[in-house]
Amino acid sequence: MLKIFSYLKSSFFSIIIIIALLIGQAVLDLTLPDYTSKIVNVGVQQAGIEDAAIEKIGETSFQQILLFLNQKDQKYINENYQKKDTYKGESIYYLKKGTNRDKISNILDDPMTLILFLSQEQSNSQIKTSDFHIPEGMDIYQVLQMMSPEEHDEILKQIKSKMKEYPDMIIEQAAVSFVKTEYQRIGVDVDKIQTNYIIRVGFIMLAIALAAMFDGILVVFIGSRMAARLSKTLRKKVFKKVVGFSKNEMKKFGAASLITRTTNDIQQVQMVIVFLLRVVFYAPIIGIGGVIKAMHTNSSMTYIIGVAVAAILGVVITLFIVAMPKFIRIQKLIDKLNLVTREILSGLPVIRAFSNEKHEEERFEDANKKLTKVNLFVNRTMSFMMPIMMLIMNFVALALVYKGAIGVDNGSMQVGDIMAYIQYTMQIIMAFLMISMMSIMLPRANVAAKRIVEVIDTKNTIYNASKLKEFDSTKRGQVEFKNVSFRYPDASYDVITDISFTANPGEVTAFIGSTGSGKSTLINLLPRFYDVTGGEITVDGVNIKDVDIKELREKIGFVPQKGVLFTGTISENIKYGNEKISNQKVKQALDIAQASEFVEKLEGQENYFIAQGGSNVSGGQKQRLSIARAIAKDPDIYVFDDSFSALDFKTDAKLRKDLQKVTKNKTVLIVAQRISTIMNADKIVVLNEGNVVGIGTHKDLLESCQIYKEIALSQLSKEELNHG
């Protein structure tokens, strides 16, 4: 998977943008629980009153508060409050704009709490006037007014010491209760304050949620585009690599596996990259941020988060260990299913001809069942993940509520704080849950990535030399095999042994022999579909291993045993080797290949559309169009690998006669099974079990090569042979 990440270098800027957006989204998501807490604590419980920084206060209460402040704090409060109007004959003080509310609140918390508790003295309040050595029945406010500065300061010290016995939360709540009571006393509409606060905070939460949503959409959009670009790059690299594969590499991987790697495997990687960018980057940010926020809310419950995370990691690691080997097996089984499907679909005519549909259905069913069985095991294993995760989350929520209830009871927490803490904890757990979800996708994607990289990193067995040579123009078209031997990879014997011959321009060199004698293998060595394992092949006097492969193949017009056509028009297929040729040249090539007679009958003629694999033309028509394609290329060397086998004798003879006109100065190599196709060749090479058993003309070989004579007599009468 790390190798795949190296292809994301070009998207570095996009990754930076995604990380920045994810940090922004995490900040927004982590802000929402704060506002949830405020809605409950301030909006509901405190009637929208945020702190002790009272906006309006009656003169009576104002003067009472001043009595419980030292001279410095009295001065600060007097400076930041001003008398503006009256209510029922009592002067009202207003907090000045721009005042430091936090400082005001810190100053007023204790005196407001004290005044509230003293007002509840008859209701078993925790603070009584007797706590400050003031006789019962005496007004504490009058006593404080009459005290000397020294006595006043001493009382304030006692008060401060007493107030330290109470949790900050109780003091803050008591101060807010004082503010609420004071507002009601001086005619302020507390319900309106509460409603306005809830609406304001609600709109802020809505704005944050919309911003987080927009942020998330941007991340997915950029991440999806980036993953799609990576997928495109991988497909391009895999395809480019496969196009350069020799038959050895194709045999190693298999067509079905290469198709799976180019489609399904790359799709798996693309999907995981999107999730990685969205989840794996985001999860640590939200997780760490959630821990910090939770600890700021209440550090005493942090251990619950630790236990939950440890439990989740344990589940993920266990499932990962169980499922990983199965993901590797799944990809191999997909290859197998693709192989079986491909074989069945391509061989349908043969299957039907032999009435073997039942057997092939069983083959497919067997591959299908194996894949289904492994998939079911993986899915059943992974299906445990979500219930276990939800169980852990519910236990965590239960533990938090229990612990939080104790905190509320002893005054160290508020209900809104519990709600916020639960949200932070759920965000942390969800972060790990998202990572755990990746554990389902990542193993399979990792296997897919390895398979993709395996193709990309495969070293081609056929490649250009480090120092390339140029063709000798004076020997244009000359082909020479010098003691050539060839052995297939992992084979224990040579299929071609010590073959030597020369094919000159203007000559037709033919190859004949029994089935398996090595004719097609020999021809495949020329365009370097395979490389010789002994000896050398030269074209234009230069070893084909020392020239550029593309230039070598440009010189060759190759017609394979099985005619291969591509989806497109007949004209496009003929121009496949040289797109620049004129339509006149296309018609000329069709005439020589004896294809004009059936092309002219088709709708659109040269513009007739060939279906996939040439399924809408016959085998003979396909072969003639393949020959026309090679003729239109006008190469120096023509190679016909048993390309006339599907033609009738009349068409074969006429095609070879017309072909002589365009191959007058060209080198022609023909592999054939029929004596009639090659009996007029300038040179015939007879092969038997990979060895040359005769080279010469038709007449010479009839006299000197027993194997050739046997092949000839098995096809033609003595009169026909002598006439030839």
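A short reminder: the numbers here are calculations on the coordinates, not readings from a lab. Just so you know, these numbers come straight off a predicted model, no measurement behind them. Cβ coordinates were reconstructed from backbone atoms using ideal geometry, including for glycine residues, and neighbour counts include every protein chain displayed.
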Q: For K88, go through the lysines and keep the ones whose alpha-carbon is under 24 Å away, minus same-chain ones fewer than eight residues off.
A: K56, K96, K180, K192
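With an 8 Å Cα cut-off and a minimum separation of 6 or more residues, compute the relative contact order for the range 654-724 in percent.
Values: 55 pairs, mean separation 15.1, N = 71.
In percent, rounded to a whole number, it is 21.
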Q.
If I model a spin label as a point 7 Å beyond the Cα along the Cα-Cβ vector, how far apart are those points for V307 and N356 in nm?
A. 6.5
Q. Can you give the angle from 0 to 90° between the axis of helix 583-592 and the longest principal axis of the chain, with both taken from C-alpha atoms, to the nearest 10?
A. 50
Q.
As I understand it, the value is the acute angle between the Cα axis of helix 101-119 and the longest principal axis of the Cα atoms of the chain; what does it come to in degrees, rounded to 10?
A. 50
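If I stretch the segment between E59 and S119 completely, what's the gain in nm (0.36 nm per residue apart, minus their alpha carbon distance), one decimal?
Result: 19.9 nm gained on full extension.
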**Q.** Whole-angstrom gap from the range 479-545 to the range 10-38, using each part's C-alpha centre
**A.** 65
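For each pair in K164/K403; K326/K370; K241/K475, compute the distance between the two Cα atoms and list the pairs where it is over 21 Å. Write down the numbers at each step before the final one.
Numbers: K164/K403 24 Å; K326/K370 12 Å; K241/K475 33 Å.
Those over the limit are K164/K403; K241/K475.
Subtract the Cα-Cα distance of D700 and T569 from 0.36 nm times their separation in residues, and report this length gain in nm to one decimal.
On the way: separation 131, 0.36 × 131 = 47.16 nm, distance 4.50 nm.
Separation in residues times 0.36 nm, less the Cα-Cα distance, equals 42.7 nm.
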Q. Which value in nm describes the separation of the simple spin-label points at R101 and A397, placed 7 Å from the Cα toward the beta carbon?
A. 3.2
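Any of K622/K657; K469/K562; K587/K657; K585/K664; K519/K666 with alpha carbons more than 23 Å apart? Name them for me. It would help to have the intermediate numbers written out before the result.
Numbers: K622/K657 20 Å; K469/K562 33 Å; K587/K657 17 Å; K585/K664 17 Å; K519/K666 21 Å.
Distance filter (> 23 Å) returns K469/K562.
Once fully extended, how much extra length lies between N483 and D409, figured as 0.36 nm per residue of separation less the alpha-carbon to alpha-carbon distance? Don't skip to the answer; put the middle values down first.
Details: separation 74, 0.36 × 74 = 26.64 nm, distance 9.83 nm.
That pair, N483 and D409, stretches by 16.8 nm at full extension.
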Q | Set of aspartates and glutamates with alpha-carbon distance to K450 below 14 Å, sequence-local pairs under 8 removed | A | D265
Q.
What aspartates and glutamates does K601 reach when the alpha-carbon gap must be under 17 Å and sequence neighbours fewer than 8 apart in one chain are set aside?
A. D591
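Expressed in whole Å with the largest first, what are the equivalent ellipsoid semi-axes of the chain derived from the C-alpha gyration tensor as the square root of 5 times each eigenvalue? Walk me through the numbers before you get to the answer.
Values: eigenvalues 1821, 125, 93 Å².
Value: 95, 25, 22 Å, ordered largest first.
Assuming a ≥ b ≥ c are the square roots of the Cα gyration tensor eigenvalues, decide whether the range 565-628 counts as rounded (a/c under 1.5), prolate (otherwise, with a/b larger than b/c) or oblate.
On the way: a/c = 1.43, a/b = 1.20, b/c = 1.18.
Rounded is the answer for the range 565-628, as its axis ratio a/c remains below 1.5.
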Q: Could you work out how far the C-alpha centroid of the range 646-693 sits from that of the range 366-389, in angstrom?
A: 59
Q. For the range 308-335 and the range 427-470, what is the separation of their Cα centres, given in Å?
A. 18
**Q.** Residue-averaged 222 nm ellipticity for the chain, from DSSP H runs of 4+ at -39500 (n - 2.57), nearest 500
**A.** -19500 deg cm²/dmol
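Antiparallel versus total DSSP beta bridges in the chain: what percent is that, nearest 5? Walk me through the intermediate numbers first.
Working: 28 of 46 bridges.
The answer is about 60 percent antiparallel.
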Q | Cut-off under 5 Å, modelled amide H: who pairs with S500 long-range | A | N483, V484
Q | Proxy reagent accessibility, fewest Cβ within 10 Å first, across I304, I544 | A | I304, I544
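Filter the GluC sites (Glu not before Pro) in the range 615-724 to those in DSSP coil with at most 15 other Cβ atoms within 10 Å of their Cβ, and list the result. Can you show the working numbers first?
Working: sites: E689, E703, E710, E719, E720; in loops: E689.
Qualifying residues, ordered by number: E689.
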(Q) Just to confirm the filter: which chymotrypsin sites (Phe, Trp or Tyr not before Pro) across the range 595-657 are DSSP coil and have at most 14 other Cβ within 10 angstrom of their Cβ? (A) none
Q. With axes computed from alpha carbons, what is the tilt in degrees of helix 71-80 against the longest principal axis of the chain, rounded to the nearest 10 within 0 to 90?
A. 70
**Q.** Where labels lie 7 Å past Cα in the beta-carbon direction, separation of K241 and S582 in nm
**A.** 4.5
